[in-house]
Amino acid sequence: MLLTVSKRVDFSASRRLFSPNVSAEENRRLFGGETGARYGTGRNYTAYFVFAGEPDATTGMLINISEIKARAGAIIDDRYDHRFLNEDNESFRETVPTVENVARQLLHDIAPSFENNPAQLVAVHLRETPTRSATAYKNGAIEGNFWFDFSAARRTLSPRLSDAENQHLFGVSTHEHGHNYRARLTLRSDDAAPVFPVTQVEELMTNLRAELDHKNLSRDVAALRDRPTTTESLARFILQSGSSLDSLARVRLHERDDFFAEAQRDGRVFLGMRRSFSASHRLHVSSFTDEKNAELFGKCNNLRGHGHWYVTESTIGGEYDQRTGALFSFAGL
């Protein structure tokens, strides 16, 4: 089992996506229209610092969250927040501050602060906008995420099943209905200086949106007429549509905020569901003095407790059924 804890830190910065080593035309191909902004464009970044390890047997904590905020926050305040990254941060004098490169540099800058900690910084996830984010991993891999949405109707069924089989498997979803879909394309690289083809990805998303948006997927999209219209099948279709992108590793398709299917380049398919609950607790170790509890847990040690709205996400994987278009049957639930 892998146990991780993450801490969010926000900062604001500007940057220019431009390399002096290539032509203006190549800059536009690599980075899109923003490359022409001589003085950069601004972003409100959200960074998630992900730690892995074993929880302390006494405190139950993998790492004290306040330590992450203090150590990571100090470096961000000094080098990133309210900076023009190309000129104010030495790391980006020669390196283009794409979201992938900023995520990787954050990992490089902050990991040494936790070298002697039992929990190690294993990844940094950086959200630049609602449609662009990246994750840098300790093993050197980097992932860039691109989101797009479309609104479409469908009947959830498979043309390879009888009406009775479809009704049994998909129930009320065989009736015409619709969703506001959100798709995430994840590109992955192990290169030291990854440059994902932004304009090529944007062209793919534009074409997919034109093909799928405000359409009845069961009737209006020729490429889907002989395919199941399950969420799993649609995720696979989007992945296959981007097969010319060598670095496209997986596609996650949300039909709702709390339900998604993910198709990966190696053929694996997953389903995910989110559920929430509300609860209260108090962070307190009975063998510690009141002073030590207060020092360790701060306000979370409040005698009367405090509460949170929790969100869980469960993901299952298995064998995709070509006939039904389903990974898992919900008929018996």
message: One residue is enough: does the range 183-195 have a residue meeting the conditions basic (Lys, Arg) and surrounded by fewer than 17 Cβ atoms within 10 Å (Cβ to Cβ)?
response: no
Residue pairs meeting the criteria (Cβ under 8 Å; at least 6 apart or on separate chains; first in the same structural domain as LEU2 (by TED's automatic domain parsing), in the range 35-62; second aromatic (Phe, Trp, Tyr) and in a loop (DSSP other than H, G, I, E, B)): THR35/PHE18; TYR45/TYR80
- prompt: Can you find even one residue in the range 129-147 that is surrounded by 20 or more Cβ atoms within 10 Å (Cβ to Cβ) and over 13 Å from the mean Cα position of the chain (by Cα)?
  reply: no
query: Being of a type in the set (Phe, Trp, Tyr) and either touching a Ser or Thr at 6+ places or on another chain (Cβ under 7 Å) or exposed (fewer than 15 other Cβ atoms within 10 Å of the Cβ) (or both), is that true of even one residue in the range 67-83?
result: no
Residues of the range 47-72 satisfying the condition of being of a type in the set (D, E, K, R) and over 15 Å from LEU106 (Cα atoms): GLU54, ASP56, GLU67
task: Could you run through the range 193-235 and say how many residues are free of Cβ contacts under 8 Å to residues at least 60 places away in the same chain and part of a loop (DSSP other than H, G, I, E, B)?
output: 3
message: Looking only at residues that are part of a loop (DSSP other than H, G, I, E, B), loosely packed, with under 12 Cβ neighbours inside 10 Å and touching a Ser or Thr at 6+ places or on another chain (Cβ under 9 Å) in the range 16-66, which one is modelled with the highest pLDDT?
response: THR58
query: Among ARG83, ARG104, ARG43, which is the only one that is of a type in the set (Lys, Arg) and under 22 Å from ASP190 (Cβ atoms)?
result: ARG104
- request: Would you point out which residue out of ALA263, ALA235, ALA249 is at pLDDT 95 or above, in contact with a helix residue (DSSP H, G or I) (Cβ under 6 Å, 6 or more places away or on another chain) and surrounded by 13 or more Cβ atoms within 10 Å (Cβ to Cβ)?
  value: ALA263
- prompt: Within the range 281-301, is even one residue under 26 Å from the mean Cα position of the chain (by Cα) and within 28 Å of THR59 (Cα to Cα)?
  reply: no
task: Mind telling me which of the residues SER12, SER6 ends up being over 28 Å from ASN139 (Cβ atoms), outside any loop (DSSP other than H, G, I, E, B) and touching a residue at least 60 places away in the same chain (Cβ under 8 Å)?
output: SER12
task: Test GLY272 against the criterion of being closer than 20 Å to ILE63 by Cα, surrounded by 11 or more Cβ atoms within 10 Å (Cβ to Cβ), assigned by TED's automatic domain parsing to the domain that holds GLY242 and touching a residue at least 40 places away in the same chain (Cβ under 8 Å), and give yes or no.
output: no
task: Check the range 80-98 and report whether any residue there is within 21 Å of the chain's Cα centre (by Cα), over 30 Å from GLN167 (Cα atoms) and of a type in the set (Gly, Ala, Ser).
output: no
Positions within the range 86-95 being surrounded by 14 or more Cβ atoms within 10 Å (Cβ to Cβ) and under 20 Å from ALA111 (Cα atoms), in sequence order: ASN89, SER91, PHE92, THR95
Residues (surrounded by 11 or more Cβ atoms within 10 Å (Cβ to Cβ) and of a type in the set (D, E, K, R)) located in the range 280-312: ARG282, LYS292, GLU295
task: Please report, ordered by residue number, the helices (runs of 4 or more DSSP H) entirely within the range 85-192 with at least 1 residues that are in the same structural domain as ARG209 (by TED's automatic domain parsing).
output: 163-170
- prompt: Which of the residues that make up the range 63-84 are in contact (Cβ under 8 Å) with a residue 40 or more places away in the chain and among the aliphatic types (A, V, I, L, M)?
  reply: ILE63, ILE65, ILE68, ALA72, ILE76
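The values are calculated or read from the model by the stated rules, or taken from the named source; none is laboratory data. A quick note: this is a predicted structure, and the numbers were derived from the prediction, not measured. Using ideal geometry, Cβ is built from the backbone for each residue, glycine included, and neighbour counts are taken over all protein chains shown.
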